[in-house]
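What follows is calculated from the coordinates using simple rules that are stated; it is not laboratory data. Worth saying up front: this structure is predicted, and the values here are computed from it rather than measured. Because the Cβ atoms are built from the backbone with ideal geometry, glycine has one as well, and the counts that use them run over all protein chains shown.
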Amino acid sequence: MLHSMTAFGRGEAGADGYRFTVELRTLNHRFCDVRIKLPRKYSDFEEDIKKKVSSEFSRGRIEVSVLADDTLDKVQHLTVDTELAKTYKRLLLILQEELGLQGDLRLESLLNFRDLFAFQEDEESREKAWSVVETALDQAVSGCLLMRQEEGEAIARDLSGRLNQLEVLTGEVETRAPLVVDDARDRLQKRIQDLLETELDETRLAQEVAFFAEKSDITEEVVRLQSHIQQFRDLLEASGPRGRQLEFLLQEMHREVNTIGSKANDLEIAQKVIQMKTELERFREQIQNVE
């Protein structure tokens, strides 16, 4: 079963005076890239969030946003960063001297620097806060995984239909290929007769036809393309992340189709090749979104 890399999940949880909302968005990416945005005072949760998210997603850019409701009552202690306050004081005095500013440096001047003060919870409170964040995160991850699965199923259905169409076109090319040599023989025979207006040298004609047949033979390319189609179909039904494998098979199918187009000197096959390339381009657009 395929999984899409584009999805969204949201979770909310509250307990012990804490309430958090977690939003999780996943986008296309070659690797697993987790980006986290959360309130500064909960920055110590970042590594735990990243570890938990990375264990659930193998590929894609995952954006995690944590929002805290700070209007709730909870046990907190107001602290002041005295070292930072000393730094601010020293810098303010330098500015005052450099700019020739008048006035005294008072306590009120430092109150404007909000990062000097912070509410600090004890260890037990931090554990309670993390428990609430984790609950909301689990909800967001579950919702996101479900959406990725549903979108992946839709992609698989679309790819399966296009795979059937590609298989039909490949079969038509395979059927047409032997007739190309016969048509070439007839054209060559008529051309020689028109030019020489004499009886043909059948041996020479046979040699020319054999040369053309060898040059335009697409049997191997058709067989490999059919094999890639079957492998692709098997991957659609397999489990686990398969985006990169599908990308590789798509490149191989492109290679075989391009070779068929360049070797088969035939208008009808050329038209089929154009249709096949169109389908493969639609494959590419869909596979870019597969985990």
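Modelled label positions at Ser58 and Arg106, each set 7 Å beyond Cα in the direction of Cβ, lie 6.5 nm from each other.
If R0 equals 41 Å, the separation of the Cβ atoms of Ser160 and Phe31 corresponds to a calculated FRET efficiency of about 0.90. Taking a sphere under 14 Å around the Cβ of Gly243 and counting the other residues whose Cβ falls inside, with K and R at +1 and D and E at -1, yields a net charge of +3.
Where does the range 77-118 land on the Kirkwood hydrodynamic radius, alpha-carbon pairs, in angstrom? With all distinct Cα pairs of the range 77-118 included, I get 11.1 Å.
Semi-axes of the equivalent ellipsoid of the range 32-172 are 53, 22, 11 Å, computed as sqrt(5λ) over the eigenvalues of the C-alpha gyration tensor in descending order.
Annotation: extensible slack from Val80 through Leu67 equals 2.3 nm (criterion: 0.36 nm per residue apart, minus Cα-Cα distance). Taking other C-beta atoms within 10 angstrom as a stand-in for reagent exposure, Phe20, Phe283 fall in the order Phe283, Phe20, fewest first. Between Gln271 and Phe113, the contour length at 0.36 nm per residue exceeds the Cα-Cα span by 49.8 nm. A simple spin-label model places the labels of Thr219 and Ser262 2.2 nm from each other, with each point 7 Å out along Cα-to-Cβ. Dipole magnitude for the range 77-118: about 80 debye, using +1 per Lys or Arg Cβ and -1 per Asp or Glu Cβ, origin at the Cα centre. Let me check I've understood the local charge: for Arg61, count other residues with C-beta under 12 angstrom from its C-beta, Lys and Arg +1, Asp and Glu -1. What total comes out? Net local charge, Arg61 excluded: +1.
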